[in-house]
Amino acid sequence: MAHLALFLAVAAFVHAAPPVLRLATTTSTEDSGLLAAILPAFEKACACRVDVIAVGTGQALEIARRGDADVVLVHSRIAEDQFVREHHARERRDVMYNDFVIVGPADDPARVASTALASDAFAGIARATATFVSRGDKSGTESAEKAVWAAAKISPAGAAWYRSLGQGMGETLVTANEQRAYTLADRGTWLSMRQRLPELRLLVGGATLADNRDPTLHNQYGVMAVNPDQHPGVNFALAGRFVDWLVSPATQRAIGEFGRQKFGQSLFYPNAARRER
Amino acid sequence: MSADLLTEFARPELVAIVGLTLRVTGTALFIACLVGVPLGAMLGLVRFRGQRLVTLTLYTGMGLPPVVVGLFVYMLLSRSGPFGALQWLFTPAGMIVAQTIIAFPLVAALTMSAVAGVDRAVHAQVFALGASRVQNAWTVVREARVGVTAAIVAAFGAAISEVGAVMLVGGNVQGQTRVLTTAIVLFTRQGDFAMAMALGIVLIVIAFAANLLLLRLQGRLGER
Amino acid sequence: MTGAEAVYRLESVEHRYGDRVVLQIDHLEVVRGETLCVVGPSGSGKSTLLRLLQFLERPTTGRVAFDSHEGGPDVSLEVRRQITTVFQRPIVLDRSVRANVGYGLRVRGIRDHATKVDELLTALGLSALASMPARTLSGGEVQRVAFGRALAFEPSVLLLDEPTANLDPRNARLVEDLIRERQRRGVTILLATHQTFQARRLGHRTAFLLDGRIVETGPTQEFFSAPRDPRTRAFLTGDMIY
């Protein structure tokens, strides 16, 4: 059995022409279109292929934890720190950030439009018992949402107006549109799907990231190369090159440019300034 | 549907998706039939001890949720799993393994059921006409061909329509492991229901064509 | 009738289904080339006897020997292929009439058999139905197909269980003509029938089977004109109550 496995592995290796980098990331990151836009430059530079596996945050980290991905890009600081603490990665690095916004029905029954702070808006939604849909999938978005509820000192779980879906950002927005409900979304997904969500409006968070007056809605993305000490099979060298490329000034510029043409604003703000230790 | 949707159909990406779907499901079905039809036929032809247990196991196998199969195969093929060295995770090979596991119980159990359902008098009749054991078995299986074809059709339908296993084991990687069902999930997630529906229709058309082929094969077996 | 060489020899045969004794034959010989008619009421064991002679089953005790080969279903393929049975309720396969009639030839690896099959179809009045699915045929048509199927590969032993039961007089006649033709060719035939007149017409010897036992055997002429056992007499005159 081991001989067969070895033979097949060698055959697979020899057969697969370009080396492959496995990047585990979130569905919202992929759906924003950023990766499709910037990755070709990396693939060309390193003569490799990047396989993007876009799943929920929890699943992306679990995949990396098992050594099935070489590098992971998510936006869930607490989970990332935990990942490093568990030695699945040697370090994490900031890459970019964007923000969350609160979207809701055009008629805004909870009267939260233009509220500065998300926690105040959530309190208003709870008071009005207006329908709120949550991703409920242990994603970075959901963590941010939970933090806002905590700040508002409200515990919505179990309330009739609070619907926890267990789904990705896109599905959650579609459901919110169907049910004319409020939800917390990352600006990138909102912008790219806006046209298909006629019942919803952006109510809290400002027209662009620069206008967002609530720091708790800040959504930081971090990249981590999976630790070869724990998972000897990972392509650490290529992962390292990827991380270096991602934080390089040229790529950072490209990240900042992304979306400007299509949406009239950046979807992501590069901030890979210093190395985390 | 607008003209742009039609041009969407011609996108090379879509062609790749359809091609991969046929390759993965086709290969899985082929392997499942190669092992499942003879095995199911044997199980249906002879009476043996423990037959009920085997039947129960296969019937349970038919009801396995694809996502559970996917999870199981994922664990096997993961780098931290027993077969990690194969490096089949997030590749079509891994997807084929998962779909074979899904298709196999359907092929075997339904073939067994069809063959067991053939009048026992056929065995005696064919024995008396000088058929060897192998010929006897083959004749009985041919008598059951409608049921056996249905078994293959059912297995094909289950494999081509499942999304849980190929999503988990394949990862829906663009250009590498994206098949029709996972592409539909992607488009749905992004709110592009029109595109998702269009792909759904493509899937149905493929299923239709495949079943047409299978029925013709069944008919041919009856002619000789 | 060719020489007195025994094709079948049954010794101390007793066959049981569970506790029920369905056949008990101390001694029976069938000579090569003869036609032995077995008559008796239904349930007397005629079909069971034919099953044992076809080696579909091994007798519970005793031996059935064919050409000195003894056995049951484990008997060699070569031996088994010399014998065929036309059952009382024949099964046709889910394919055309032609394919059914050619079946025995195909399993024996004889590929080029179209003419042979067509000849038999014509002889049995089935030419018009040749391409039809055999499953759609009437009872009488099925019986003729089964008969043609059995003759196609020229077996040396024909075991016939009520071969003309479902046939109208004309078709019964066609079948009997074919039986007679095979008799001329030296085929050994065992014919189980309740139609005593058929036994008279076709049998060289006739045996009377009652409750699994052979009551009487004899050359057909004698059997019918001067039966020795009173039970035979009662059966033949229709006076037997069972």
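Taken over segment C:159-178, the criterion of being touching a residue at least 60 places away in the same chain (Cβ under 8 Å) and surrounded by 19 or more Cβ atoms within 10 Å (Cβ to Cβ) is satisfied by C:Leu159, C:Leu160, C:Asp161, C:Glu162, C:Pro163.
Conditions (1) of a type in the set (Lys, Arg); (2) surrounded by 17 or more Cβ atoms within 10 Å (Cβ to Cβ); (3) over 28 Å from B:Asn136 (Cα atoms), marked per residue:
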{"position": "C:Val7", "(1), (2), (3)": "no, yes, no"}
{"position": "C:Tyr17", "(1), (2), (3)": "no, no, no"}
{"position": "C:Cys37", "(1), (2), (3)": "no, yes, yes"}
{"position": "C:Leu52", "(1), (2), (3)": "no, yes, no"}
{"position": "C:Thr60", "(1), (2), (3)": "no, no, no"}
{"position": "C:Pro73", "(1), (2), (3)": "no, no, no"}
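For segment A:135-187, residues that are more than 20 Å from A:Ser32 (Cβ to Cβ) and part of a strand (DSSP E or B) total 4.
Only one of the numbered conditions (1) closer than 21 Å to C:Gly203 by Cα; (2) among the hydroxyl-bearing types (Ser, Thr, Tyr); (3) without any contact (Cβ under 8 Å) to a residue 40 or more places away in the chain is violated by C:Ser156, and that is (3).
The residue that is nearest to the other protein chains (Cβ to nearest Cβ), counting only those in segment C:105-118 that are in a helix (DSSP H, G or I) and in contact with a helix residue (DSSP H, G or I) (Cβ under 9 Å, 6 or more places away or on another chain), is C:Val107. Pairs are defined by a Cβ separation below 9 Å, a sequence spacing of at least 6 or placement on different chains, a first member in segment B:54-67 that is under 14 Å from B:Ala108 (Cα atoms), and a second member that is of a type in the set (Val, Ile, Thr); the pairs so defined are B:Gly61/B:Ile101; B:Gly61/B:Ile102. Taken over segment B:183-209, residues that are surrounded by fewer than 20 Cβ atoms within 10 Å (Cβ to Cβ) and either among the acidic types (Asp, Glu) or away from every other protein chain (no Cβ under 14 Å) (or both) amount to 12. Inspection of segment B:164-182 finds a residue satisfying the criterion of being out of contact with any helix residue (DSSP H, G or I) (no Cβ under 6 Å at 6 or more places or on another chain), among the β-branched types (Val, Ile, Thr), part of a helix (DSSP H, G or I) and more than 9 Å from chain A (Cβ to nearest Cβ).
Scoring B:Val107 on the criteria (1) crowded, with 19+ Cβ neighbours inside 10 Å; (2) part of a helix (DSSP H, G or I); (3) within 14 Å of chain A (Cβ to nearest Cβ) leaves a single failure, condition (3).
Any residue at all in segment B:129-145 that is aromatic (Phe, Trp, Tyr), more than 7 Å from every other protein chain (Cβ to nearest Cβ) and under 18 Å from the mean Cα position of the chain (by Cα)? No; the residues of segment B:129-145 include none that is aromatic (Phe, Trp, Tyr), more than 7 Å from every other protein chain (Cβ to nearest Cβ) and under 18 Å from the mean Cα position of the chain (by Cα).
Only one of the numbered conditions (1) closer than 17 Å to C:Cys37 by Cβ; (2) within 17 Å of the chain's Cα centre (by Cα) is violated by C:Phe235, and that is (2). Among the numbered conditions (1) in the same structural domain as A:Asp137 (by TED's automatic domain parsing); (2) buried (at least 16 other Cβ atoms within 10 Å of the Cβ); (3) not acidic (Asp, Glu), the only one that A:Ala210 does not meet is (2). Residues of segment A:68-84 being touching a Phe, Trp or Tyr at 6+ places or on another chain (Cβ under 8 Å) and either assigned to a loop (DSSP other than H, G, I, E, B) or in the same structural domain as A:Ser139 (by TED's automatic domain parsing) (or both), which ones? Passing the criteria: A:Asp68, A:Asp70, A:His75. A:Asp99 falls short of the stated requirement of being surrounded by 22 or more Cβ atoms within 10 Å (Cβ to Cβ), at pLDDT below 95, of a type outside the set (Val, Ile, Thr) and not in a strand (DSSP E or B).
Within segment A:227-277, the set of residues being under 23 Å from A:Ala64 (Cα atoms) and assigned to a helix (DSSP H, G or I) comprises A:Phe236, A:Ala237, A:Leu238, A:Ala239, A:Gly240, A:Arg241, A:Phe242, A:Val243, A:Asp244, A:Trp245, A:Leu246, A:Val247. Of the conditions (1) within 23 Å of A:Arg22 (Cβ to Cβ); (2) more than 19 Å from the chain's Cα centre (by Cα), A:Leu200 fails just one. Which one is it? (1) is the only condition that A:Leu200 fails. Filtering A:Glu86, A:Glu80 for residues that are within 30 Å of A:Ala64 (Cβ to Cβ), surrounded by fewer than 16 Cβ atoms within 10 Å (Cβ to Cβ) and of a type in the set (Asp, Glu) leaves a single hit, A:Glu86. With respect to the numbered conditions (1) assigned to a helix (DSSP H, G or I); (2) surrounded by fewer than 20 Cβ atoms within 10 Å (Cβ to Cβ); (3) hydrophobic (A, V, I, L, M, F, W, C), which one is the sole condition not fulfilled by C:Ala99? The failed condition is (2). The set of residues in segment C:186-229 that are in contact (Cβ under 8 Å) with a residue 24 or more places away in the chain and basic (Lys, Arg) comprises C:Arg200, C:Arg201, C:Arg205, C:Arg213. B:Val126: surrounded by 20 or more Cβ atoms within 10 Å (Cβ to Cβ), in a helix (DSSP H, G or I) and in contact with a Cys (Cβ under 6 Å, 6 or more places away or on another chain), yes or no? No: the conditions fail for B:Val126.
One line per residue, one yes/no per condition, for (1) under 15 Å from A:Val112 (Cβ atoms); (2) within 12 Å of chain B (Cβ to nearest Cβ):
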position: A:Lys138; (1), (2): no, no
position: A:Val148; (1), (2): yes, no
position: A:Thr175; (1), (2): no, yes
position: A:Tyr182; (1), (2): yes, no
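Taken residue by residue, segment B:159-166 has no member that is within 30 Å of A:Leu34 (Cα to Cα) and free of Cβ contacts under 8 Å to residues at least 40 places away in the same chain.
Of all the numbered requirements in (1) at the interface with chain B (Cβ under 10 Å from one of its Cβ atoms); (2) in contact with a Ser or Thr (Cβ under 6 Å, 6 or more places away or on another chain), C:Thr85 misses one, and that requirement is (2).
The values are calculated or read from the model by the stated rules, or taken from the named source; none is laboratory data. Just so it is clear, the model here is predicted, and its values are computed rather than measured. FYI the Cβ positions are ideal-geometry reconstructions off the backbone, even for glycines, and counts take in every protein chain you see.
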